[in-house]
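This report concerns only the one structure given below.
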Amino acid sequence: MKKKYLIVMADYYKGISEGLLKSAIDFLPKSSLVKIINVPGVFEIPVTISKNIKKYDAFLALGCVIKGKTPHFGFISQASTDAIMKLAIENRKPIGNGIITCLNMKQAIARKKKGREAAVAVTSVLLQK
C-alpha cells in the first residue's frame with residue numbers, strides 16, 4: 001500500500017526551505033504519495049499538521065529559524081518543537097522535524113540538505129511494526 005506523506009514547509013527563508021524540500025523528496029520512496037503545503041513560518045507548521053493529521057500516514061516539518069537580536073528565536077524554536085512532538089505522540093504518527101535552527105544565514109545555507117535526515121527518520125519510524 002502506498003504511504004501518504006504531507007510535507008509542511010515554512011517558506012520565510014525560501015531558498016533554504018527549497019533545499020530542505022529537495023533533499024527530503026529525493027529520499028522519500030518513489031511509490032509514495034506526497035503533498036506539500038507552504039506556510040509563512042515555522043510557527044504555523046504544527047497547526048497545519050494538526051488540521052491534516054487524519055489524512056496522511058506521515059509528516060515532514062521543514063523550515064528554518066535564524067537567531068536575531070531578540071529572544072524570539074528561542075520561543076519559536078521551542079514552541080514548534082514541543083508542538084510537533086506532542087502531535088506525533090498523541091496521534092501515534094511519525095513527524096520528521098526538519099526545522100533547522102541556525103545562528104546565521106551561513107549556517108542555514110550549509111544545513112539546507114538536512115531535510116533528508118528528517119525524511120530518513122520519518123520513513124524508518126513509519127515502516128516499523
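In plain terms, the chain from Ser32 to Thr81 could stretch by 15.1 nm, reckoned as 0.36 nm per residue minus the Cα-Cα distance.
When the chain is treated as a Gaussian network with alpha carbon springs shorter than 10 Å, the biggest mean-square fluctuation among Ala108, Ala83, Ala24 belongs to Ala83. Per-residue Cβ neighbour counts within 10 Å put Glu117, Glu90, Glu18 in the sequence Glu90, Glu18, Glu117, beginning with the fewest. By the rule of a C-alpha distance below 13 Å, with chain neighbours fewer than 8 residues away ignored, the aspartates and glutamates paired with Lys112 are Asp11, Glu18.
Computed over Cα pairs, the Kirkwood radius of the stretch 36-129 leads via Stokes-Einstein (0.692 mPa s, 37 °C) to a diffusion coefficient of 238 µm² per second. Here Lys86 is the anchor, and the lysines within straight C-alpha reach of less than 23 Å, apart from those fewer than 8 places off in the same chain, are Lys3, Lys4, Lys35, Lys51, Lys54, Lys55, Lys114, Lys129.
How much mean residue ellipticity at 222 nm does the chain get from its helices, if each DSSP H run of length 4 or more adds -39500 (n - 2.57) and you divide by all residues, to the nearest 500 deg cm²/dmol?
On the way: 5 runs with 59 residues, N = 129.
So the helix-based figure for the chain works out to -14000 deg cm²/dmol.
Counting neighbouring beta carbons within 10 Å and listing from fewest to most, the residues Thr70, Thr123 come out as Thr70, Thr123.
Since every read-out is calculated from the coordinates, none of them should be taken as a lab result. All of these numbers come straight from a predicted model, not from anything done at the bench. Neighbour counts run over all protein chains shown; Cβ positions are idealised from the backbone, glycine included.
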